[in-house]
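Peer 1: Next up is a structure, given as structure tokens.
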Amino acid sequence: DKPLTSIIAGLGVGGLAVALAAQETLKNFFGSLVIFADKPFELGDRIVVDGFDGPVEEVGFRSTRIRTLDGHLVTIPNGELANKTIQNIGKRPYIRRVANITITYDTPPEKVERAVEIIKEILKDHEGMHPDLPPRVFFNEFNDASLNILVIYWFHPPDYWAFQQFNQRVNMEILRRFNAEGIEFAFPTQTLYLAGDPKRPLVVGSYPAGDSRQLPGGAL
């Protein structure tokens with residue numbers, strides 16, 4: 001026969017394990033009640049939680065299952081999910097695009113203005129435009145190697161594939177119109193100035209030893 005103390009100790013360990021399991025079960029159960037009451041998402045909604053992005057396939061009393069865009073099935077305990085930040089992409093009223101169109105630094109001001117006007121013309125009363133959210137187009141930045149035109153527009157209803165098809169049409173029209181008017185797109189470049197450039201003459205001179213002054217153009 002086992003000593004009574006061993007039996008009591010065994011019951012204590014077993015009881016603790018049961019209590020911990022019951023605690024986790026209750027946590028998930030109450031988490032599911034919070035989800036059902038708060039309704040942060042519905043079946044089929046595309047959500048993002050902890051980096052997992054995909055539609056909700058099942059909501060149970062213990063856990064919620066998400067099918068990621070890669071096809072993986074992710075199971076999240078409701079006790080944890082109820083305390084997570086949930087991004088419900090399926091409930092967004094529109095899709096916003098923010099694009100930066102870059103053109104070369106030698107583009108004359110008149111052509112910069114024309115580039116802005118071309119994009120505005122392309123997006124005027126565009127497909128999927130909400131009357132309260134007209135497109136925004138601005139020459140907004142001097143980049144290191146380009147002049148930047150900021151383009152923002154909203155597309156609704158939020159059909160992702162229709163949105164991508166519209167983006168392609170916009171991109172192709174910008175490409176055609178810019179090419180037709182001689183507006184060049186920029187890409188990362190580096191400009192080298194050679195000695196003998198009449199606009200930047202090389203100045204040669206000398207100073208006493210230890211003098212740290214520099215002549216125009218960087219010559220010592």
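Peer 1: I want to confirm something. Restricting to the stretch 103-155 and keeping residues that are closer than 19 Å to Pro93 by Cβ and among the aromatic types (Phe, Trp, Tyr), which single residue is surrounded by the fewest Cβ atoms within 10 Å (Cβ to Cβ)?
Peer 2: Checked the stretch 103-155; the qualifying residue surrounded by the fewest Cβ atoms within 10 Å (Cβ to Cβ) is Trp154.
Peer 1: Show me the strands (runs of 3 or more DSSP E) found entirely inside the stretch 85-161 where at least 1 residues are of a type in the set (Asp, Glu).
Peer 2: Ranges flagged: 136-142.
Peer 1: If you scan the stretch 156-198, which residues turn out to be modelled with pLDDT under 90 and either within 28 Å of the chain's Cα centre (by Cα) or under 17 Å from Ile95 (Cα atoms) (or both)?
Peer 2: Result: Phe187, Pro188, Thr189.
Peer 1: Name the residues in the stretch 173-192 that are out of contact with any strand residue (DSSP E or B) (no Cβ under 8 Å at 6 or more places or on another chain) and surrounded by 11 or more Cβ atoms within 10 Å (Cβ to Cβ), would you?
Peer 2: Glu173, Leu175, Arg176, Arg177, Asn179, Glu181 - these are the residues of the stretch 173-192 that are out of contact with any strand residue (DSSP E or B) (no Cβ under 8 Å at 6 or more places or on another chain) and surrounded by 11 or more Cβ atoms within 10 Å (Cβ to Cβ).
Peer 1: Of the residues Pro109, Pro55, which single one is at pLDDT 95 or above, at negative phi and assigned by TED's automatic domain parsing to the domain that holds Trp161?
Peer 2: Details: Pro55 fails: assigned by TED's automatic domain parsing to the domain that holds Trp161.
Criteria check complete, one pass: Pro109.
The values are calculated or read from the model by the stated rules, or taken from the named source; none is laboratory data. Just so it is clear, the structure is predicted and the values come from calculations on it, not from any experiment. Every residue, glycine as well, gets a Cβ built from its backbone with ideal geometry; the counts of neighbours run over all protein chains shown.
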